[in-house]
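What follows is a single structure, written as structure tokens, with notes after it.
The values are calculated or read from the model by the stated rules, or taken from the named source; none is laboratory data. For clarity, every value in this text was computed on a predicted model and none was experimentally measured. Cβ: placed from backbone, ideal geometry, glycine included. Neighbour counts: every protein chain shown. The protein model used for the area step is the full one, side chains on, heavy atoms only, and it has no ligands, DNA or RNA in it. Shrake-Rupley method; radii C 1.70, N 1.55, O 1.52, S 1.80 Å.
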Amino acid sequence: MLNTQYSPWFILLCLAVGAGYAALQYSASAPWSKNLNYALAALRFVVVSFLCYLLLAPFIKTTTTRTEPPTVVLAVDNSQSVELFTPKNVLSQATTDLARLAETLRSKGFTVETRTLTPTPGRPTRLDSLRFSAAATDIDQLLAGTRTAYNDRNLAGVVLVSDGLVNQGRSPGYSDYSFPIYSVAVGDTVPKRDLRLTGLTYNRLAFSGNRFPVDAELGFEGYAGGTATVELREGNRVLDSRRVALPVGRRRAKVSFQITAPAPGKRRYEVRVVPQPGEFTELNNARTAFIEIVKGKLRVLLAGAAPHPDLKALRAAILANDNFDLTLALPGVAPLRAGADFDVAILHQLPAQGGLGNDILAQVKAKRTPALYIIGAQSDLSAYNQLGTGLTIQARGSQTDEVTPRPNPGFARFATDEETARRYAAYPPSPVPFGDYRLGPGAEAALWQQVGRISTQKPLLVFGGPAERRQGTLLTDGSWQWRLSEAVEHDEKAEAYDRLIIRTLQLLTQNANKKRLDVYPTQESFGTQDDVTLGAETYNAVFERLYNQKIDLTLTDEQKKVRRFSLANPEDGSPLRLGPLPAGLYRYQARATLGGQAQQDAGELLVQSQPLEALESRADHNLLAQLSRRSGAQLYYPAQFEKLAQDILKANYKPVITAEEDLKDLINLKWIFFVILAFLTVEWAVRKYSGSI
């Protein structure tokens with residue numbers, strides 16, 4: 001549609017101007033014929049009228065209408081348990097009928113797309129290429145990812161094909177989805193004859209010479225009233241063997257082993273149930289414990305300027321780990337014994353205003369003890385800035401920001417998984433000084449400040465200081481709220497908060513890093529499905545960071561098989577990626593040439609096998625029925641695909657029609673200029689040719 005910003009009556013004025021101009025130009029006698037004179041007058045009339053019309057600012061209004069058909073997503077639980085516990089003929093028929101359902105819906109005008117637990121980026125999933133190989137099941141992630149991906153699409157519903165067994169992530173029963181879920185139940189609700197290890201409890205650290213427990217939970221189906229043999233192995237040696245009674249009327253039994261910790265180092269122990277005749281599968285008969293044997297407990301000083309809820313939260317987090325001895329010091333309440341020696345100190349609001357607790361601070365500095373400084377309302381920021389922690393704070397008065405923690409993805413010293421990041425995001429805001437922050441050379445932020453929904457590059461948890469004395473800074477004295485809220489939401493288990501504190505102390509107490517090549521695992525252990533990653537730091541002769549250095553890595557497993565990698569440490573701090581590895585204890589040796597000098601480093605990493613999909617054989621169809629009922633749909637079985645198709649068609653999902661308007665000024669169209677130029681050129685050429693200009 002062609003419109004102008006002025007009244008249409010002005011168009012008549014444009015025509016009048018054009019007619020008057022043409023009449024004035026061609027009313028006199030001319031040396032050419034009358035017909036040619038009329039043609040030239042008409043040409044001049046068109047050009048002048050159109051130029052006047054352009055003065056009215058005309059624009060073209062274009063309306064584009066799009067029709068989006070309803071979309072049905074086929075969400076397939078392609079985990080190992082579906083193939084392992086679903087009868088082969090039932091699973092084969094289900095995948096065939098699922099493909100037939102997709103064709104039926106497409107023939108009725110639906111768009112049908114497929115999603116799985118393990119999507120391939122950039123490549124759509126095809127039903128004829130389904131492989132039930134996912135090592136874990138996270139149905140909530142599958143459905144929540146669908147909700148996000150189709151947020152602005154005409155999503156009619158989701159057909160969820162699953163056995164209902166969830167062993168990772170949040171239970172989908174606690175989430176709300178904005179679309180109907182048509183569940184198709186596969187798997188088998190009849191339990192199989194099976195013995196399995198359902199749990200293994202142990203401390204990851206033990207002290208050399210001490211005895212420590214390894215507790216195993218044994219699950220059983222079809223063997224009640226009998227006994228089972230459970231072995232504790234190290235390599236090919238059987239360290240201990242227990243005969244366990246399997247009581248009638250129960251499905252669980254427990255067994256405990258006591259081990260004397262050998263010399264320091266990483267040790268691998270396997271707890272194994274000896275297979276019995278008639279077992280459905282032996283995949284779940286063994287679990288592995290990787291334990292690091294150390295010399296002794298770490299001594300921690302927890303000192304504060306005054307009593308504070310933070311001290312209680314920190315104390316609870318530290319005492320939840322048996323590998324720490326804790327001493328509490330408060331000026332005037334619990335004084336610090338002179339000459340006391342510690343491996344690491346937590347200094348809460350020290351240095352403090354008025355010099356409170358300076359004797360504690362002086363003793364920590366004299367012993368060159370690694371320290372974690374916690375900034376709060378009583379902190380003396382001027383004195384803190386003189387400590388050389390790698391962070392300088394220029395506060396603006398007494399103002400504060402309310403922030404929550406956000407992991408820095410470029411910090412490789414300890415990794416943050418998705419569940420921990422979700423828990424961080426749910427923490428209540430806590431106060432930090434409002435002002436300017438400056439990181440010194442070599443300092444790194446493990447956590448950033450999140451202000452409401454705004455992600456900032458302001459640090460919240462910083463590690464820095466000289467190489468011979470590591471120091472950290474937490475910029476809030478409100479972290480006690482984090483631990484309290486997490487414990488309330490997760491059955492008194494503040495795992496993310498406690499892990500953050502313990503990892504911080506472990507990082508601060510690592511041997512002073514005077515190596516120019518430092519290669520280390522980013523996690524305590526990896527799963528067989530994980531991408532194994534190593535952090536790598538390289539330094540020049542004066543210990544300034546270097547990047548993009550070639551690092552040759554040799555990885556040796558327990559069978560002496562050698563794998564070789566050639567990698568480089570990028571400037572963004574991302575780790576070296578080795579890809580998934582088989583379960584086992586690996587020793588690595590890294591080599592690099594830095595400034596013409598050969599450097600090397602060595603260490604160990606653990607990869608654990610976690611047969612999650614074989615731990616439970618009985619399908620949970622109740623969960624699927626609950627999901628469907630809450631979303632306004634219902635549960636189906638593989639023999640009911642035809643009814644499922646009919647119900648989707650009966651729901652009468654409609655296409656969505658959207659209209660988009662586009663306004664474009666006529667004067668901005670370049671081709672109009674050339675048309676006007678062509679008209680004027682023709683007029684000029686004809687007049688010239690006919691004997692006049």
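Below, the figures for the structure above:
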{"item": "Rounded accessible area of residue 32 (nearest 10 Å², 1.4 Å probe)", "result": "30 Å²"}
{"item": "Of 254/493; 515/550; 254/561; 297/365; 297/493, pairs whose Cα-Cα distance is over 28 Å", "result": "254/561"}
{"item": "Relative compactness, the chain, computed as alpha-carbon Rg over 2.2 N^0.38 Å", "result": "1.38"}
{"item": "Pairwise Cα inverse-distance average, inverted: Kirkwood Rh of region 347-471 (Å)", "result": "15.4 Å"}
{"item": "Sequence-distant aspartates and glutamates (8 or more away, or on other chains) whose Cα lies within less than 14 Å of residue 560", "result": "604"}
{"item": "Karplus (6.51, -1.76, 1.60) ³J(HN,Hα), θ = phi - 60°, over region 256-264, in Hz, Gly and Pro reported as x", "result": "10, 10, 10, 10, 8, 5, x, 5, x"}
{"item": "Karplus-derived HN-Hα couplings along region 177-186 (A = 6.51, B = -1.76, C = 1.60, θ = phi - 60°), whole Hz, x at Gly and Pro", "result": "10, 9, 8, x, 10, 8, 7, 10, 8, 10"}
{"item": "Net dipole in debye of region 531-617 [+1 Lys, Arg Cβ; -1 Asp, Glu Cβ; about Cα centre; nearest 20]", "result": "460 debye"}
{"item": "Charge context of residue 268, other residues only, Cβ under 10 angstrom, K/R +1, D/E -1", "result": "0"}
{"item": "Phi to ³J(HN,Hα) by Karplus 6.51 cos²θ - 1.76 cosθ + 1.60 over region 641-649, Hz, x for Gly, Pro", "result": "5, 5, 5, 4, 4, 5, 5, 5, 5"}
{"item": "Accessible solvent surface per residue of the chain, calculated while the other protein chains remain in place, 1.4 angstrom probe, Å²", "result": "51 Å²"}
{"item": "Amide H partners (placed H, <5 Å) of residue 259, local residues excluded", "result": "212, 214"}
{"item": "Total formal charge among the other residues, if their Cβ is under 14 angstrom from that of residue 643, Lys/Arg +1 and Asp/Glu -1", "result": "-1"}
{"item": "Net charge contributed by nearby residues that have their C-beta within less than 14 Å of residue 634 (K/R +1, D/E -1)", "result": "+3"}
{"item": "Simple spin-label estimate for residue 563 and residue 629 in nanometres, 7 Å along Cα-Cβ", "result": "4.7 nm"}
{"item": "Pairwise FRET efficiency - residue 455 versus residue 434, Cβ, R0 = 22 Å, nearest 0.05", "result": "0.80"}
{"item": "Positive-end extreme of charge dipole, the chain - chosen from 114, 199, 45 (charges on Cβ)", "result": "45"}
{"item": "Within region 214-326: Cβ-based charge dipole about Cα centre, in debye rounded to nearest 20 (Lys, Arg +1; Asp, Glu -1)", "result": "220 debye"}
{"item": "Student exercise, region 407-493 dipole from Lys, Arg, Asp, Glu Cβ charges, in Debye to nearest 20", "result": "300 debye"}
{"item": "Share, in percent, of DSSP beta bridges within the chain that are antiparallel, nearest 5", "result": "70 percent"}
{"item": "Loop-located trypsin sites (Lys or Arg not before Pro) in region 115-208 whose Cβ has at most 11 other Cβ within 10 Å (DSSP)", "result": "126, 131"}
{"item": "Accessible-area composition of region 366-431, carbon plus sulfur, in percent [1.4 Å probe]", "result": "48 percent"}
{"item": "Stretch gain in nm, segment residue 198-residue 152, where the contour uses 0.36 nm per residue and the Cα spacing is subtracted", "result": "12.4 nm"}
{"item": "Cα centroid of region 259-293 to Cα centroid of region 633-693, whole Å", "result": "67 Å"}
{"item": "Percent carbon-and-sulfur accessible area, region 141-262, ignoring ligands, DNA and RNA, probe 1.4 Å", "result": "45 percent"}
{"item": "Under 5 Å, built H, 5+ apart or other chain: amide partners of residue 527", "result": "608"}
{"item": "Long-range HN-HN contacts of residue 75 with modeled amide H, under 5 Å", "result": "115, 159, 160, 161"}
{"item": "Taking region 567-656 and dividing mean pair separation by its residue count, relative contact order in percent (alpha carbons under 8 Å, at least six apart)", "result": "16 percent"}
